Amino acid sequence: MRNRHFMENKNYVLAAGVFLLVICIITLSLHVLDIYNIFYKNACEALEGHTETALAVLESRISRQREATAWCGENIMQGAESDIGAILKEATDDNELYEYFYVSPTEITYYANGNIRKNDNYEKLNQIYGFEYKNNFVSVIQEGVNKEGDTVPYLYGVYPVRVEDSGEKGYVISASEVENLFGEDSFNYLTEIGSCCIVNRTGDILLKDSGFAKEIGPEANFYVSMENRSNQGRGIKSALTKIKTAIPNEAGGSVTYKAASGEETYVSYHRIDGTREHFLVISFNDGILDDMIHAVMLRSFLVGLGVFILMGIILLTIWTKGENAGNIIRKLAYEDEVTGGKNLNYFKRAAAEIIRENKEVPFIMYRFDILNFRYINEAYGHKKADGVLTACIEEFKHFYSKNELCVRINSDHFVALVINDLSVNQRYQNYLKSVGEKAREIGVRYPIRLRVGMYQIHKGDRDIDIMIDHANVARKSMTGNEKSLESFYSDRIMADMKKVNEIESVMQSALSKGEFKVYLQPKWDIVNDCVVGAEALVRWIRDDGSMVYPSDFIPIFESNGFIEKLDFYMLETLCETMHRLEELDEYILYPISVNQSRILIINPDYVRNVEKLFKRYETAVEKLEIEITETVFFDEKEKMLDVINNLKALGVTLSMDDFGSGYSSLSILKDVPFDVLKIDRGFVTETANSNSSIIILQKIIDLAKSLGIDVICEGVETIEQVDNLRKLGCEKVQGYYFGKPMPIEDFLEKFCRRDEEY
Ligand code: C2E
Ligand code: MG
Ligand code: MG
């Protein structure tokens, strides 16, 4: 039951852990998607930025070329023919990037090094310029032959010159190799994430970077290239149409389409200012992003994995710590440290569950304690006494099934749930016997007796607390002196409990109304046959005149603490009476003893209060005797001895009451300075039929005498008993034979008149 309860909690923790983990995985996935989108967006933005930069660098180069070419043209127009070579050289020296030459209207080419050649560049010029005179400078990219004789792409700039004299046209041409244009810094980013090319209005690819073929295809025309692959991807055709419409209109733009590889391809095209309808085309696909993202994802994944592992470790730690904490809490919550068994908390839960799950099984609730356990504790020490408690739990397991359980509630109190089958009584007897044997094994020879209150659980019963309470009522109904120490909860017991409640509800007012009366019972000297004292015994005379005996209310007052008030009231009444008698001088004042309970004596103010009483009533202290029982010394013996010594210092006589009634030990006579030993009625009764009792009594009387302690035997009812006791050396007795407890006035009249002898 307990485990199931704990497991439920454990499952909640596990579910929470898994839930958290799932949340983490979802968050991480969304996070990665975000990274991808951000990357794509950033890449597009970065691409645009880099494109603009590259375009600006390219255009400024073209613009510089135009200026230098125009400068040459202007000077040639104004200068003499013989100056042409020098002008070209100056321009060339100024800017190493370009070489300049001049093609005259007569198709003679002038070079910067001073060479002049006919028709040398006319063909090229034709291609570039189409012999059509144009006023504008124009740049074109076109193949040319370099100094090493290799055909390479050139950026040509052509500036038209009108010769002043003839009005005919000539052209200054500047040329620079652009094969490595895309290798320049400004194109680094673009060529890294994609590829670049320069196309003219008909889509001819004039210049391309090394990765271009991979990106676009091997074709020499961009349009053809796209067209060829238009069936392999998606959206290529419409992208091409858009480009084809835009470029002739000299408009830039961008398109996207899905390439055959499935990758998203992004193409942007930009008019290059200063050229004759040349466009810079940049293309990239998200495959490159994938590579980058994979790197980031790998990093994220590793970080995520690290976090998961960490979380796992933390969870595991919390789990095991939780398990340990759970064990400790469970221990505290459900286990009993003294017996190693379970506790009441556990019992209540488990018993409720057992009853619920076994509706057809008749159960009994036991509520028991060990008789005189205090004495066991005192006499054998805590360790052995604890051993007895443990035996009660351990032995239970041997006689009862798994659906029956027993736990210790506190001190020597236990509760058990047992099945009411045919063997229930036998099993209880066997259990009890076994506990006794176990106790003897550990050195406790005092007989173990359990006082068991039982409650038969009915079908409708649900509340475990009530069941335990009922069993407890049955237990409390036994004083411990009964023959049988097993009692079933019954209506009678409940009625008794009601009586207790009733007594408790009126005791206070009864005390203030003076309903508690002091009765006196004579103590008799059987050697000289005369009265020698009296014992004060309380009687409760109710409103209606009925008398209640101490046995009906003293145990109740002892358990609820009211005895403290009653005993002090008795003591005070006695002091007052003695004072009055002394004043009267009419009566002989015999010593009177009064019973004082432990709960009163243990009060730290007790001795001081007694002293005050004595002073107030000018009591003849030596005439007052205080009776206490041995149980007074069960706890805090040292403290009790202090009180006793202080009392004796006041001059009070101290009697030990009921010696031999329970578990009296002779050692108490050694430890406590008693003046009188009152031997219990039970001993006196037994002298009639038990020889051993006579021997023991004889020894006790001898022992007391030799210790200087007065002996008085209680409960003497017959002349035979008087004779027997006299023979044993007993000199004083108390009993019905000489007088029952009676009102003070009766006692005085009967035994204390000065003029009469008794
Ligand atoms: P106890 O102190 O041992 O008092 C003696 C009891 O024995 C008295 O019972 C008395 O009536 C009874 N008794 C005396 N002679 C005989 C006899 O020959 N035969 C029989 N069968 N009984 C005899 P009681 O008055 O009923 O008191 C019972 C117990 O209640 C007392 O026993 C004492 O322990 C307690 N008690 C009585 N009055 C007080 C009191 O004021 N304060 C306290 N704390 N306890 C009291
Ligand atoms: Mg007494
Ligand atoms: Mg007594």
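The values are calculated or read from the model by the stated rules, or taken from the named source; none is laboratory data. Not measured: the values here are computed from a predicted model. When we count neighbours, we look across all protein chains shown, and the Cβ atoms used for this are built from the backbone with ideal geometry, even at glycine. When the accessible area is computed, the model is the full protein with side chains, heavy atoms only, and any ligands, DNA or RNA have been set aside. Shrake-Rupley method; radii C 1.70, N 1.55, O 1.52, S 1.80 Å.
A few notes on this one:
- When 592, 602, 554 are checked against the criterion of being within 16 Å of ligand 1 (Cβ to nearest atom), within 22 Å of residue 675 (Cα to Cα), under 60 Å from the mean Cα position of the chain (by Cα) and of a type in the set (Val, Ile, Thr), a single residue qualifies: 602.
- Failed item in (1) away from ligand 2 (no atom under 16 Å from the Cβ); (2) surrounded by 16 or more Cβ atoms within 10 Å (Cβ to Cβ); (3) at pLDDT 90 or above, with residue 645 passing the rest: (2)
- Which numbered condition residue 531 misses (of (1) crowded, with 18+ Cβ neighbours inside 10 Å; (2) modelled with pLDDT under 95): (2)
- Cβ pairs under 6 Å, 6+ apart, first in region 367-390 and in contact (Cβ under 8 Å) with a residue 12 or more places away in the chain and farther than 19 Å from residue 475 by Cα, second among the aromatic types (Phe, Trp, Tyr) and open to solvent by less than 20 Å² (accessible area, probe 1.4 Å): 378/634
So that you can scan it fast, the table gives a plain yes or no per residue for (1) more than 60 Å from the chain's Cα centre (by Cα); (2) among the aliphatic types (A, V, I, L, M); (3) part of a strand (DSSP E or B); (4) surrounded by 22 or more Cβ atoms within 10 Å (Cβ to Cβ):
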residue	(1), (2), (3), (4)
148	yes, no, no, no
155	yes, yes, yes, yes
158	yes, yes, yes, yes
182	yes, no, no, yes
188	no, no, no, no
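- Selection count, region 413-433, where residues are within 14 Å of residue 389 (Cα to Cα) and open to solvent by less than 20 Å² (accessible area, probe 1.4 Å): 4
- Qualifying position, being within 16 Å of ligand 2 (Cβ to nearest atom), surrounded by 15 or more Cβ atoms within 10 Å (Cβ to Cβ), of a type in the set (A, V, I, L, M, F, W, C) and farther than 22 Å from residue 652 by Cβ, among 722, 733, 711: 733
- Checked against the criterion of being polar (S, T, N, Q), closer than 13 Å to residue 368 by Cβ and either outside any loop (DSSP other than H, G, I, E, B) or not assigned by TED's automatic domain parsing to the domain that holds residue 365 (or both), the candidates 425, 430, 472 yield just one match: 472.
- Flag for residue 738 being crowded, with 18+ Cβ neighbours inside 10 Å and closer than 22 Å to residue 576 by Cα: no
- In the condition set (1) away from ligand 3 (no atom under 16 Å from the Cβ); (2) open to solvent by 20 Å² or more (accessible area, probe 1.4 Å), residue 751 is compliant with all but (2).
- Positions within region 648-665 being away from ligand 2 (no atom under 16 Å from the Cβ) and in contact with a Leu (Cβ under 7 Å, 6 or more places away or on another chain), in sequence order: 648
- Residue match in region 714-737 (condition: within 25 Å of residue 626 (Cα to Cα), in a helix (DSSP H, G or I), within 14 Å of ligand 1 (Cβ to nearest atom) and in the same structural domain as residue 515 (by TED's automatic domain parsing)): yes
- Taken over region 500-538, residues that are free of Cβ contacts under 8 Å to residues at least 40 places away in the same chain, in a helix (DSSP H, G or I) and away from ligand 1 (no atom under 14 Å from the Cβ) amount to 6.
- In the set (1) small (Gly, Ala, Ser); (2) in a helix (DSSP H, G or I); (3) more than 16 Å from ligand 1 (Cβ to nearest atom), residue 682 fails one condition alone, (3).
- Scanning region 674-693 for residues that are open to solvent by 50 Å² or more (accessible area, probe 1.4 Å) and more than 16 Å from ligand 3 (Cβ to nearest atom), we see that the one that is modelled with the lowest pLDDT is 688.
- Members of region 198-252 found to be assigned to a helix (DSSP H, G or I), in contact with a strand residue (DSSP E or B) (Cβ under 7 Å, 6 or more places away or on another chain) and acidic (Asp, Glu), listed by number: 215
- On the stretch given as region 650-669, residues that are more than 56 Å from the chain's Cα centre (by Cα), of a type outside the set (A, V, I, L, M, F, W, C) and more than 12 Å from ligand 3 (Cβ to nearest atom) total 2.
- Enumeration of residues in region 555-571 that are surrounded by fewer than 19 Cβ atoms within 10 Å (Cβ to Cβ) and either within 14 Å of ligand 2 (Cβ to nearest atom) or of a type in the set (D, E, K, R) (or both): 558, 565
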